[in-house]
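**Q** Got a structure here, written out as structure tokens. Questions coming.
What follows draws every value from the coordinates through simple rules; no lab data is involved. Since we're looking at a predicted model, the values are computed, not measured. So basically every Cβ, Gly included, is an ideal-geometry build from the backbone, and we count neighbours across all protein chains shown.
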Ligand code: GCU
């Protein structure tokens, strides 16, 4: 039953908006209004071999079938429609219908998202997926940007476990002293890299390869799948398993576009999305193993770190960055759902 509850929330919020007369054709979106159907565009910053592209592309095909071509989704990979910070704005103004954005981007619009960007929020991909698709936990969070930004959050994909990589082994926080490490554009993650001993350099995802290559950066942090698919292993061949957090991406949609769907089409859309994030979770473990093998074949090495030293270094982040009751409640709800 649970997997349908978010669909209900989204549908409910849409109906509530419609009742307030706060929506319909104001966005200028490619999807238009009035339930007429549309070719929707989805902004993604990953390559076509990444599980996110695969699951979203399948989602688009299924949606066309299920709505008899009233709706379709074209997935634009590789930041073709812009980096995530831009994509988030475009979804709000309706020039793009859908995007995958990291939780770090949403943290800049509503600090409550920091609760799920916090190291230690999630123990595993499965735990994370359960929490972020539990309407009781995330219902208010996912509609919190509708009035301010015209953006509805539908749920998410895991980013897997993130670690540090560079051209040298990192075993302890001391090894990161003086290193310029790329970080996503989030106050919490900037604080995290500083706590881990490095010097944080916020930057868009698509710029990281060149910055590592040219020496603007000494390192970066990501999961194994992006480490391989973005070819970062070529310019930062040592992946040091700090495993500092399980990261999170969200699917976002222009609220007016969601609202303009007929009830039947919206249900097909939400059911298709549920199938897509389930497929993504299934693909993730295998994609991670494959990425490790492929990166190793390409010359990368994977090393273990002093996990206790890193855990100790980042422990103060919770108190420093989760300061409001709503942030603490979300973090606590995530922890309470851990097995
Ligand atoms: C992961 C994540 C992306 C994010 C990227 C980053 O690859 O899936 O959404 O943009 O990390 O570090 O920027």
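**Q** Just to confirm the number: angle between the C-alpha axis of helix 2-19 and the first principal axis of the chain, 0 to 90 degrees, nearest 10?
**A** Approximately 50 degrees, to the nearest ten.
**Q** Now for a separate question. So, in nm, how far is label residue 263 from label residue 69 when the simple model puts each one 7 Å beyond its Cα toward the Cβ?
**A** About 2.7 nm separates the two model spin labels.
**Q** Once the piece of chain linking residue 108 and residue 124 is laid out straight, how much longer is it, given 0.36 nm per residue of separation minus the C-alpha distance between them? Write out the running numbers ahead of the final one.
**A** Details: separation 16, 0.36 × 16 = 5.76 nm, distance 2.47 nm.
Contour length minus the Cα-Cα distance gives 3.3 nm.
**Q** Over the stretch 180-331, what is the mean sequence separation of C-alpha contacts under 8 Å (at least six apart), divided by residue count, expressed as relative contact order in percent? Can you show the working numbers first?
**A** On the way: 132 pairs, mean separation 43.6, N = 152.
Relative contact order for the stretch 180-331 comes out at 29 percent.
**Q** Oh, and also: Rounded to the nearest 500 deg cm²/dmol, what is the calculated helix-only ellipticity per residue at 222 nm for the chain, with -39500 (n - 2.57) per DSSP H run of length n ≥ 4? Please report the intermediate quantities before stating the final value.
**A** On the way: 16 runs with 162 residues, N = 339.
After summing the helix terms and dividing by residue count, I get -14000 deg cm²/dmol.
**Q** Please work out how much length the chain gains when fully extended from residue 136 to residue 301, using 0.36 nm per residue of separation minus the C-alpha to C-alpha distance, in nm with one decimal.
**A** 55.2 nm
**Q** If R0 is 25 Å, what FRET efficiency do you get for residue 338 and residue 282 from their C-beta distance, rounded to 0.05?
**A** Details: r = 21 Å, r/R0 = 0.85.
Efficiency for this residue pair is about 0.75.
**Q** Please work out, to two decimal places, the log10 of the ratio I(q)/I(0) at q = 0.19, 0.20, 0.21 Å⁻¹ from a Debye calculation in which every Cα of the stretch 160-315 carries one identical scatterer.
**A** Here the Debye-derived log intensity ratios amount to -1.12, -1.21, -1.30.
**Q** A further question follows. Taking the chain as the reference, fit the longest principal axis to its C-alpha atoms, fit the long axis of helix 51-66 to the helix C-alpha atoms, and give the angle between the two in degrees, 0 to 90, nearest 10.
**A** Roughly 10 degrees between the two axes.
**Q** Could the peptides 115-127, 97-109 be put in order, highest first, of the mean number of other beta-carbon atoms found within 10 Å of their residues? Can you show the working numbers first?
**A** Working: 115-127: 20.8, 97-109: 23.3.
Per-residue Cβ counts within 10 Å, averaged per peptide and sorted highest first, yield 97-109, 115-127.
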